[in-house]
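Here the structure is laid out as structure tokens; the discussion comes afterwards.
The values are calculated or read from the model by the stated rules, or taken from the named source; none is laboratory data. None of these values were measured; they are calculated from a predicted model. Cβ placement follows ideal geometry from the backbone for every residue including glycine, while neighbour counts extend to all protein chains displayed. Accessible surface areas use protein heavy atoms only, side chains included; no ligands, DNA or RNA. Shrake-Rupley method; radii C 1.70, N 1.55, O 1.52, S 1.80 Å.
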Amino acid sequence: SFVFIQDFSQAMSQAGSSQFQEVIRQELEYSMKVELDKILATAHSNEIEHTKKDLEGFKKLFHRFLQEKGPSVDWGKIQRPPEDSIQPYEKIKARGLPDNIASVLNKLVVVKLNGGLGTSMGCKGPKSLIGVRNENTFLDLTVQQIEHLNKSYNTDVPLVLMNSFNTDDDTKKILQKYSHSRVKIYTFNQSRYPRINKETLLPIAKDVSYSGENTECWYPPGHGDIYASFYNSGLLDNLIAEGKEYIFVSNIDNLGATVDLYILNHLMNPPNGKRCEFVMEVTNKTRADVKGGTLTQYENKLRLVEIAQVPKAHVDEFKSVSKFKIFNTNNLWIALSAIKRLQEKNAIDMEIIVNPKTLDGGLNVIQLETAVGAAIKSFENSLGINVPRSRFLPVKTTSDLLLVMSNLYSLNAGSLTMSEKREFPTVPLVKLGSSFTKVQDYLRRFESIPDMLELDHLTVSGDVTFGKNVSLKGTVIIIANHGDRIDIPAGALLENKIVSGNLRILDH
């Protein structure tokens, strides 16, 4: 029997008596179990084992989702982190490096979160395969960085990719091209969870398949899934057996997330002799980062607080740059032995992120996700390190892509560094309009990437194209209204200019 409920949270608040709430919860869990069993029954013998693991993990998450009420933090308990719990990077760098840096490096594994698709930039397939610089993809740059480390120090730092069912096949096909590079590459898959109908709170999938029309029925549950899937894959144990001690985890689209030897040395040779199990790189907020998760002190533990967890009345306070000065870059350094210990005790606690989606046919679904950094409170002796902004260089949009393709950066052994010719270390603010959203449209509109060394701010809107060798300086705003088109001529210099109306360059 199933109690049909329009909106679960509303029903819960009206349900009044906790006894009645408990009955509804049990009904929902029972109905979910019945549906999941039906789905599992459609699995082939070779899929049963991992499908079972996935659905077990999902059931735990769903159970917690039904238990939790309202924002998961009590705002009154949030405190500023103690002084020594977030260290300035300069202090860590000032310690220098030991002579035996190779032996420290050999304890490290680089993990890249590679579950995302390039859909937000109009690309099919894994985001990591989009070209970012001189034909190099995110994945190419990552492999080049680690290969450079291994060659320079004669070490064996492996690369591990956490794929999702969306990116696994395409990524594995491409990995063959690195078979001669000096980097061992491993992959494992994050879980595959069923999307839930928002009204009925039941899975929309009827069977285990996830191809064709069933692609919309499943989702990868966020990067917080790394702990369970890394452990379940057996790879975690293999790496520990090889003598590896730390992983450096980051998003594959963060081009600033390179292996930092000073941070690694701080982990392996802590000044007070007590090793950290979890280090989160944070960096100072600018006005562009007001929504980023921040580190706070909460019940005597460092805790990551995301905007979704903040009660509505306090959102503005959360966004304030003066009270919460830093945000999480999602560059994390975590002890392998600690992941193993906590995973075996089922003691990794991460807040549930409820992510609502509307499918193509108009159906409203929710996906339950977790975030890797939220686990910081489950580890012992955690630390934040306030790193330079250059370690946070994510490419989420074509506006970001324009920055990393430009002469603001030079490329060396897979790493991007800000050009020394740039007078100030901050990046220009770039906003490209909807005509530039898709990578192929964006590439078509730039005959070559403009000189942006002296640019502060660029806004482009409407049907605009750029000829070769254009220079942009100061604040440049280019707006082609509906029906108009603006062609910026080859060799043009725009300095503190607003261009609007119609400007067609005719070929003679």
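Data overview
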| read-out | value |
| --- | --- |
| Shape of segment 82-237, Cα gyration tensor, a/c cut at 1.5 | prolate |
| Long-range HN-HN contacts of Val430 with modeled amide H, under 5 Å | Leu458 |
| Within the chain: Cβ-based charge dipole about Cα centre, in debye rounded to nearest 20 (Lys, Arg +1; Asp, Glu -1) | 700 |
| Where Arg303, Arg444, Arg485 fall by accessible area, highest first, once all protein chains stay in place (1.4 Å) | Arg444, Arg485, Arg303 |
| With every protein chain in place, segment 73-389: carbon and sulfur % of accessible area (1.4 Å) | 48 |
| Base-10 log of normalised Debye intensity for segment 396-498 (one unit scatterer per alpha-carbon) at q = 0.15, 0.21 Å⁻¹ | -0.58, -1.15 |
| Surface accessible to a 1.4 Å probe, per residue, for the residues of the chain, Å² | 47 |
| Heavy-atom accessible area order for Ser415, Ser337, largest first, 1.4 Å probe | Ser337, Ser415 |
| Overall dimensions of segment 336-455 by Cα: Rg and Dmax, Å | 20.5, 56 |
| Debye equation applied to the C-alpha atoms of segment 190-266, log10 I(q)/I(0) at 0.23 Å⁻¹ | -1.12 |
| DSSP beta bridge pairing in segment 144-230, given as percent antiparallel to the nearest 5 | 40 |
| Segment 150-189: C-alpha pair distances exceeding 17 Å, % | 35 |
| Accessible area of segment 396-498 belonging to carbon and sulfur atoms, whole % at 1.4 Å probe | 50 |
